[in-house]
Amino acid sequence: MLLKKGKAKVTFVYQPIGPSCKRVQLVGEFNNWQPEKGRMTRQKDGSFRKQVNLDPGEYRYKFFVDGNWVEDPQADGLVPNEFGTFDSLVSVG
């Protein structure tokens, strides 16, 4: 889910189903799909958040949740990828 869009700041939010979620990472074109660069922070409400400064444009991304790739159901869109699944899409600007 995208909580807030500013001029160049986007807050990504992942809301896990159930309390068993341990680790969530935001991975996408903006960090070369490297999970170690996208650690999200758990909030008091149980969600995970990360704010990213992005230039105007469209970016593909996914959440990496406890070792599994997960699309964002609140994304601006979904686009097919070369692995036969979908990437989430965020539009900035």
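The values are calculated or read from the model by the stated rules, or taken from the named source; none is laboratory data. As the structure is a computational prediction, the values presented were derived from the model and not from experiment. Neighbour counts are summed over all protein chains in view; Cβ atoms, including those assigned to glycine, are modelled from backbone coordinates with ideal geometry.
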**Message:** I'd like to check something: does the stretch 15-28 contain any residue that is touching a strand residue (DSSP E or B) at 6+ places or on another chain (Cβ under 6 Å) and among the charged types (D, E, K, R)?
**Reply:** no
**Asked** Conditions: (1) within 21 Å of ALA8 (Cβ to Cβ); (2) modelled with pLDDT of 95 or more. PRO56 meets all but one. Number of the miss?
**Response** (2)
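Looking at the stretch 39-93, what strands (runs of 3 or more DSSP E) fall wholly within it and have at least 1 residues that are within 10 Å of the chain's Cα centre (by Cα)? Break it down stepwise before answering.
Values: elements: 48-53, 57-65, 68-70, 77-80, 86-92.
The qualifying strands (runs of 3 or more DSSP E) are 48-53, 57-65, 68-70, 86-92.
Filter the stretch 60-93 for residues that are of a type in the set (Asp, Glu) and more than 21 Å from ARG42 (Cβ to Cβ) and give the result. Give the derivation first.
In the first step, residues of the stretch 60-93 are kept if they are of a type in the set (Asp, Glu); the result is 66, 71-72, 76, 82, 87.
Across the stretch 60-93, the qualifying residues are ASP76, GLU82, ASP87.
Residue by residue through the stretch 42-92, note down the ones that are exposed (fewer than 11 other Cβ atoms within 10 Å of the Cβ) and at positive phi. Step through it out loud before you land on a result.
So the first thing to find is which residues in the stretch 42-92 are exposed (fewer than 11 other Cβ atoms within 10 Å of the Cβ), and the list is 44-45, 55-56, 67-68, 73, 80, 82-84.
Within the stretch 42-92, GLY67, GLY84 meet the criteria.
Does VAL10 fit the bill of being surrounded by 19 or more Cβ atoms within 10 Å (Cβ to Cβ) and not in a loop (DSSP other than H, G, I, E, B)? Walk me through how you get there before you give the answer.
Values: surrounded by 19 or more Cβ atoms within 10 Å (Cβ to Cβ): yes; not in a loop (DSSP other than H, G, I, E, B): yes.
When the stated conditions are applied, VAL10 passes them.
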